[in-house]
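Heads up, the thing below is written out as structure tokens.
Nothing in this text is a laboratory measurement; each read-out follows from the coordinates by a stated rule. Since the model is a prediction, treat every value here as computed from it, not as a measurement. Note: ideal-geometry Cβ built from the backbone for every residue, glycine included; neighbour counts use all protein chains shown.
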Amino acid sequence: MATPLLQFTDRGIYCEQGRFYIDPWKPVDDAVITHAHADHAYFGHKNYLAHHLSREVMLYRLGDINLRTIEYGETVTKHGVKITLYPAGHVIGSAQIRVEYKGQVWVVSGDYKTEDDGISTPFEPVKCHHFISECTFGMPIYNWKPQADLFVDVNNWWANNVQNGVATVIVGYSLGKAQRILQNLDLSIGKVYTHGVIENTNEALRRNGIILNPTERITIDSKKEEVRKGIILAPPSAVGTPWMRKFQPYSFGYCSGWMALRGAKRRRAADRGFIMSDHADFPGLVSAIDATGCECVYLTHGYTASFSRYLSEIGFNAREVHTLYGGEEEDASITEGEEKDETAPSGDIKKELAV
Ligand SMILES: [Zn+2]
Ligand SMILES: [Zn+2]
């Protein structure tokens, strides 16, 4: 049997014919990167290829790397293998990688979501023979509310806090969630203040030509009474730190797909848990996989075992593969926490899957 066009190796997904890797986690000569999150864009490769809109964030996070960037739909050929990027809808600049050689087409999804978030280029299904997919939220309990409804909840909560004279702290990871929140806030309520990590990411995106709503970086000179009338965008790493405590009294909202699990909000000591994810929910995953028309789907990270069983039951040829993706950077601690000390949800999940 001929070698498959893409293989799963201990360095990452490898194309032997094209001599390149996709999102490798160990140093390689030629790396094609789906997006700038830390579990996909590692330091130490000789050459990087990614989407234009990942450029400034990758340079900010990885320093002086040798980076070539292209547009969605643009094709680069390496040793006869055609590489084309398609939007993944996950975060700004995220791409699915389509690889073609002698009529065989493989697509690597990276992380993706199927709902248009209004800031990332919307997900586009790509026909292929082999689809390599994530399944972070591959359980039926993950079924996202439409974004418009979600932000009605967020904005009402903020307006209420202003009325009650307490500050509003909203937490989401710095690349993706932070900008999505920023673009969907009702700015007639007040101003948006940012933690330094988020403002640095915003600045990188603005250098890349992305137009974001106005933000103000919080410094030691920021007036507490003014900040209280606005909303503070903070990364998960700021939770429980003296930086955050100085805004007391405040109401603290946490935005994550894991908020769908019982106990997640309590464990984060959040006042509000907003179920908001940059990954596809269960129906999104199934429809995205179906739309590829693929003859085989490989599941890289998430609920790979149960989701591949489910897909097999409904007629897909699904396989689990081992990678180091997953644990959406700053969100990783929540996942681990859930799996360690929250036994109830997994019991519920098993019941739901059995139906
Ligand atoms: Zn990601
Ligand atoms: Zn990831």
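Entry note, region 179-236: relative contact order of 52 percent, from Cα contacts under 8 Å with a spacing of 6+ residues. Once you keep just the Cα pairs under 8 angstrom separated by 6 or more residues, what percentage relative contact order results for the chain? Over the chain, the number comes to 17 percent. Residues C296, C255, arranged from fewest to most other Cβ atoms within 10 angstrom of their Cβ, appear as C296, C255.
For N155, what charge total do you get from the other residues with a beta carbon under 15 Å from its beta carbon, if Lys and Arg give +1 and Asp and Glu give -1? Around N155, the surrounding residues sum to +2. Measuring r between the beta carbons of E74 and A269 and using R0 = 30 Å, the FRET efficiency lands at 0.10.
In order along region 129-135, the Karplus-derived 3J(HN,Hα) couplings, from 6.51 cos²θ - 1.76 cosθ + 1.60 at θ = phi - 60°, round to 7, 10, 10, 9, 10, 7, 8 Hz, and Gly and Pro are given as x. Summary of the geometry: region 238-262 and region 20-41, compared by the centres of their Cα atoms, lie 31 Å apart. Based on DSSP H segments of at least four residues, each scored -39500 (n - 2.57), the chain has a per-residue ellipticity at 222 nm of -8000 deg cm²/dmol.
Tell me, how many Å apart are the Cα centres for region 101-119 and for region 161-227? For region 101-119 versus region 161-227, the Cα centre distance is 30 Å.
When the trypsin sites (Lys or Arg not before Pro) in region 49-155 are filtered for DSSP coil states and for at most 14 other beta-carbon atoms within 10 Å of their beta-carbon, the remaining sites are K102, K127. Percent of C-alpha pairs per 20 Å bin in the chain, short distances first: 30, 56, 14, 0.
Take every Cα pair under 8 Å whose residues are at least 6 apart in sequence, average their separation, divide by the length of region 55-169, and the relative contact order is 16 percent. Give me the net charge for the shell around W243: Cβ to Cβ below 14 angstrom, other residues only, Lys and Arg +1, Asp and Glu -1. Net charge around W243: +3.
For the residue pairs K78/K113; K177/K246; K78/K102; K177/K224, alpha carbon separations beyond 18 Å are given by K78/K113; K177/K246; K177/K224. Here's how it looks for Y250: its modeled amide H is under 5 Å from those of A167, which are all 5 or more places away or on a different chain. Residues in region 161-168 carry Karplus couplings, in order, of 4, 4, 4, 8, x, 10, 6, 10 Hz; the curve used is 6.51 cos²θ - 1.76 cosθ + 1.60 with θ = phi - 60°, and Gly or Pro positions show x.
A cut-off of 5 Å between modelled amide H atoms, ignoring neighbours fewer than 5 places along the same chain, links N317 with V297.
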